[in-house]
Amino acid sequence: MIIRLALAAALSVSAASPALAHVDPSVHGSFAAGFTHPLFGTDHVLAMIAVGLWAALLGGRALWALPTAFVGAMIAGFALSLAGAPLPYVEPLILASVIVFGVAVALALRLPLGFSAALVAAFGVCHGYAHGGEIGSAGEFGYAAGFVLATALLHAAGLLIGHGAHIAARNDPAWATRVIRGLGVVTALGGLYLTAG
């Protein structure tokens, strides 16, 4: 059931029209433009859900530390972009984040929490920078509020999928871990596919 829901969500995001990725802020408002920006970018969706999945696998303080590190760094990256600070290789690093987070989930990597949060934050800067690069005529605060909320919801989706897997497999925790790790494999493969495309 959980796998079907995750696959359905991934397919619907992948099938979304590219035109939806850039909502016109003059028509829909800055908040809507910011909110839809990460939701209609497959690379953003996969990476952000994977952060939640990884946090769910690690448990404990990672449940809040990894999503918080990503969102905080993403805001910093957005500010860097608005300030015109150069940041090379943003798009390749965003694609790399999908693969790295997918591999982290697939291998159920248990790194020190500080290192895991720093890794998540490093990629979060790139995602935020990309959002800033495509702000268009949107107002900074409304746009930022939109993509921050969307990102938090995607992290929460990953956490809920992980939590749901553990609830569904109360009598077999190893099965839940296998399901989550399998989603990590799908994420990493999705990142490789996006890189090849």
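Observations on the model:
- A76 touching a helix residue (DSSP H, G or I) at 6+ places or on another chain (Cβ under 9 Å), free of Cβ contacts under 8 Å to residues at least 40 places away in the same chain, surrounded by fewer than 20 Cβ atoms within 10 Å (Cβ to Cβ) and over 22 Å from A157 (Cβ atoms): no
- Test: residue in segment 110-119 that is loosely packed, with under 15 Cβ neighbours inside 10 Å, out of contact with any Asp or Glu (no Cβ under 7 Å at 6 or more places or on another chain) and touching a residue at least 24 places away in the same chain (Cβ under 8 Å): yes
- Conditions (1) at pLDDT below 90; (2) within 18 Å of S30 (Cα to Cα); (3) small (G, A, S); number of the one not met by G142: (1)
- Comparison of G158, G182 shows that the only residue that is small (G, A, S), crowded, with 16+ Cβ neighbours inside 10 Å and touching a residue at least 12 places away in the same chain (Cβ under 8 Å) is G158.
- Within segment 112-143, the residues that satisfy the criterion of being of a type in the set (A, V, I, L, M, F, W, C), more than 16 Å from A85 (Cβ to Cβ) and under 19 Å from the mean Cα position of the chain (by Cα) are L113, F115, A117, A118, L119, V120, A121, F123.
- If only residues of segment 16-55 that are under 21 Å from V98 (Cα atoms) and polar (S, T, N, Q) are counted, the one that is modelled with the lowest pLDDT is S17.
- Selected residue (only one of W64, W54 is assigned to a helix (DSSP H, G or I), surrounded by 18 or more Cβ atoms within 10 Å (Cβ to Cβ), out of contact with any Gly (no Cβ under 7 Å at 6 or more places or on another chain) and among the aromatic types (F, W, Y)): W54
- Of residues in segment 94-114 being in a helix (DSSP H, G or I) and in contact with a Lys or Arg (Cβ under 9 Å, 6 or more places away or on another chain), the one farthest from L183 (Cα to Cα): L113
- Odd one out for W175 among (1) surrounded by fewer than 17 Cβ atoms within 10 Å (Cβ to Cβ); (2) of a type outside the set (D, E); (3) touching a helix residue (DSSP H, G or I) at 6+ places or on another chain (Cβ under 7 Å): (3)
- Residue within segment 138-152 that is within 18 Å of T68 (Cα to Cα) and without any contact (Cβ under 8 Å) to a residue 60 or more places away in the chain present: no
The values are calculated or read from the model by the stated rules, or taken from the named source; none is laboratory data. Just so we're clear, the structure is a prediction, and the values are computed from it rather than from any experiment. All Cβ positions, glycine included, derive from the backbone under ideal geometry; neighbour counts span all protein chains shown.
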